[in-house]
Amino acid sequence: MVVVNITTAGSGCPAEMKATSNGVFQGDNPLDFALPLAIFQICLVVLLTRLLGFLLRPLREPRVIAEIVGGILLGPSAVGRSQGFLQRVFPEKSLTVLDTLANMGLLFFLFLVGLELDLKSLRRTGKGAMGIAMAGITLPLLLGVGTSYVLRSTISKGVSGPPFLIFIAVALSITAFPVLARILAELKLLTTNLGRIAMSAAAVNDVAAWILLALAIALSGTPRSPLVSLWVFLCSSVFVLFCFFTLPPAFRWISRRSSKGEPVSELYVCATLSTVLAAGFITDLIGIHALFGAFVVGVLVPKEGPLAGALVEKVEDLVSSLFLPLYFVSSGLKTNITTIQGIQSWGLLILVIFTACFGKIIGTILMALFCKMPLQESIALGVLMNTKGLVELIVLNIGKDRKVLNDQTFAILVLMAVITTFFTTPIVMAVYEPAKRKSKSEYINRTIEREEPNSELRILACFHSVNNIPSILNLIEVSRGMEGKEGCGSELCVYAMHLMELTERSSAIVMVHRARKNGRPFWNKGGKSGCDEIGVAFKAFEQLSRVSIRPMTAISRLSDMHEDVCNRADRKRAAIIILPFHKHQRFDGYLEATRGDFQSVNQKVLQQSPCSVGILVDKGFGGGSHISSTNISSTITIFFFGGRDDREALAFGRRMSQHSKTTLNIVHFIYTSNVNTESIMVEMNKDDIKSSAVIDQKVLMEFIHWKKTNDMSIRYEERVVSTFSNVIEVIMEFSRCNLILVGQKPEGEVVKNLLEYFKINVECPELGPIGNLLISKELSIPASILVVQQFREKCIT
């Protein structure tokens, strides 16, 4: 034992860090021990990156910018300039543990990237996207060769030529498609034609960059003979072929033994993750990098079945939230911007940025124009393809570790990645904003109430999850009328819009590609997302009911999701938007809020909608599943008080009454005063009430005449009420039905004189007074409710 102590002191090596401390009460400083120091580092990094991400959110910048900048700030470029801070928080003896944790997180993150890359879809990439990808790689590669000679002759003297050339070329030509997907989603371009082409080209670009990086790593070692690089390349090829022929059958066997809807066995998940580690060990043994093995395993996991989804669910949050930010700090500790000094260094930084932007943007624009894309879209596509990110940092860090890039070159290339990615979003917003463009075609039918009630009706039906599908389908069914019956029914066009929240998880973007049919789903979520069930349900309904249903997806933050809904309704010239209520029925019949955030979305749509809006409170409309049109039988009730919203509900009910299996009840409330009552102050203009009452009477007379002419299953009743309790009695009498239609803002004498009672317990203002009354616990109405608001001119912004 004495010999060991003498040897350590004589060698001058720093003392090893023990794993855990005995605590401050026994005189130990936790930051002198490996585990508490690693915990403190992780917490500090996560706190700083999340704070920066919050500050950059108004600029719609991807989180990777905050993480890279956070790493640089903690490094020697900013806070790390204080040696006291570095020695206390990031001492040299802790960097091995930090780098190990960072690379472990990076290894599993690259496994997730491979897991979400679908080679089958990659093979189906169109010629245009493939050509754009190749042009976006070739020109930056050629310019990168020239840039590498300039750097070698100035600040990178003495480095090996071929590896340096390839590292610089890859750094300039790479496109980070995970970051690109995030930017496209933030800008609401992910499901547009521009977004589809960008993602297709970026996926091809990414695969090519990984191949070039593998070649650069094979050439960048310190071989004892020239044949070592060849051996590395051959062994890597053999490894890939071995994985290609052995792993897919094993994964398919696991998928077959994992029942859909049931949790995947812990044994299978453990075996798959162990395979990832083993593959990483083998590729590191070969001499390329452990990341390649993890990436290859992820690519080969079958995207069909529950296995892929289970792996993403179990690995993604821990890796992306805790361990991956450590990699950015590890990179930031190696980045010293202060090494960029003098006119020459700053001139080289400008040269690298110009070369990267010029090669990528110009190459993409030229090929896009050759493919007959509009100039504006071509420019936006070129800027988007210049997005850098995590893969860029991986390339640079490997080059730094392999002594191919020195400190100054490394700092210049890191700054280039940050600057080019940071300006991607504002430039694209400046040159291309299709989401804010209004439809150029004539938009007349913004309501269901119209002069020609049998003209085409366009509905934008929104849903959040599979649970909303049955009620939406049954509402569409009763809305289509009876085709082929003279004087009844009209053409119905439905746009089914899946509303998906954009979160920090990459899987949110995965689900978008899975959901939309009009794109190329490079990334897949697996069988547990429910998107397959949604697609099958709409497809089957379309075939059975002969209704044109066009699926679409909107992915955005909840704060601006209403913009997607309103813009899409405007472009599709919808007459009404159907939104699901944010509460769902429990087993005991009461409503509970499962996603209260969507209440704000509904309220904003009501305020800014370019057409009428209906909020559907589902209480089992249609029995929880779609029934064929020959068997469905529905009883629908309209409570008519008066006003434009009630007239819109009446027009929608008229449409529904055309269905052969639908019975429509119309209850017209008429007020009479049996006693002298004091005047009640209400926010209504008397002239408006009189004019509205005249219109109401005219509409009701026309409806009664139409009922007699067409011999529909319609029952019209007028009920005289004088008190609020009379209203409740009438409502309860007609509540035994399948669906109730009411206006969002009723008018008329009943509301005018009993307004103070209707204002009691208004928990959900988007439903209006009658809607809130119908969902109250006191009434326990069993029917589903559709609250309708007619389009108002002030809604258009």
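The values are calculated or read from the model by the stated rules, or taken from the named source; none is laboratory data. Source: prediction; values computed, not measured. Cβ placement follows ideal geometry from the backbone for every residue including glycine, while neighbour counts extend to all protein chains displayed.
Among the residues of segment 153-185, those identified as farther than 18 Å from A201 by Cα, in a helix (DSSP H, G or I) and modelled with pLDDT under 80 are G161, P162.
You will find that of L35, L47, L55, L98, the residue that is surrounded by 17 or more Cβ atoms within 10 Å (Cβ to Cβ) and modelled with pLDDT of 85 or more is L98 and no other.
Being assigned by TED's automatic domain parsing to the domain that holds F370 and over 23 Å from F292 (Cα atoms) is true of I155.
Quick one: would you say T175 is hydroxyl-bearing (S, T, Y), surrounded by fewer than 22 Cβ atoms within 10 Å (Cβ to Cβ) and under 23 Å from the mean Cα position of the chain (by Cα)? Taking the combined requirement at face value, the residue does not satisfy it.
Determine if segment 347-360 includes at least one residue that is charged (D, E, K, R), surrounded by fewer than 19 Cβ atoms within 10 Å (Cβ to Cβ) and either out of contact with any Phe, Trp or Tyr (no Cβ under 8 Å at 6 or more places or on another chain) or assigned to a helix (DSSP H, G or I) (or both). Steps first, please.
To start, the set of residues in segment 347-360 that are charged (D, E, K, R) comprises 360.
Applying the additional criterion that residues be surrounded by fewer than 19 Cβ atoms within 10 Å (Cβ to Cβ) yields none.
The answer is no; no qualifying residue exists.
Could you tell me which of the residues F292, F245 is closer than 18 Å to D118 by Cα, surrounded by 12 or more Cβ atoms within 10 Å (Cβ to Cβ) and aromatic (F, W, Y)?
Numbers: F245 fails: surrounded by 12 or more Cβ atoms within 10 Å (Cβ to Cβ).
Within the list F292, F245, the selection yields F292.
Selection of first residues in segment 46-67 that are on the phi > 0 side of the Ramachandran plot and of second residues that are buried (at least 17 other Cβ atoms within 10 Å of the Cβ) and not in a helix (DSSP H, G or I), restricted to Cβ pairs under 7 Å at least 6 apart or on distinct chains, gives the following pairs, ordered by first then second residue: R60/L187. Considering the conditions (1) part of a helix (DSSP H, G or I); (2) surrounded by fewer than 24 Cβ atoms within 10 Å (Cβ to Cβ), G332 is excluded by exactly one of them, (2). Is there a residue being at pLDDT below 90, surrounded by 15 or more Cβ atoms within 10 Å (Cβ to Cβ), part of a helix (DSSP H, G or I) and not β-branched (V, I, T) anywhere in segment 602-609? Within segment 602-609, none of the residues are at pLDDT below 90, surrounded by 15 or more Cβ atoms within 10 Å (Cβ to Cβ), part of a helix (DSSP H, G or I) and not β-branched (V, I, T). The residues listed here are T387, T364; of these, the one that is within 29 Å of F111 (Cβ to Cβ), buried (at least 24 other Cβ atoms within 10 Å of the Cβ) and β-branched (V, I, T) is T387.
Within segment 567-582, can you find the residues that are assigned to a helix (DSSP H, G or I) and buried (at least 24 other Cβ atoms within 10 Å of the Cβ)?
The first filter runs over segment 567-582 and keeps only residues assigned to a helix (DSSP H, G or I), leaving 567-572.
Correct list: A569 only.
Given F109, F85, F54, which one is assigned by TED's automatic domain parsing to the domain that holds I398, in a helix (DSSP H, G or I) and in contact with a Ser or Thr (Cβ under 8 Å, 6 or more places away or on another chain)?
Numbers: F85 fails: in contact with a Ser or Thr (Cβ under 8 Å, 6 or more places away or on another chain); F54 fails: in contact with a Ser or Thr (Cβ under 8 Å, 6 or more places away or on another chain).
F109 is the lone residue from the list that is assigned by TED's automatic domain parsing to the domain that holds I398, in a helix (DSSP H, G or I) and in contact with a Ser or Thr (Cβ under 8 Å, 6 or more places away or on another chain).
Which count do you get for residues in segment 45-95 that are closer than 17 Å to N397 by Cα and of a type in the set (D, E, K, R)? Matching residues across segment 45-95 total 1.
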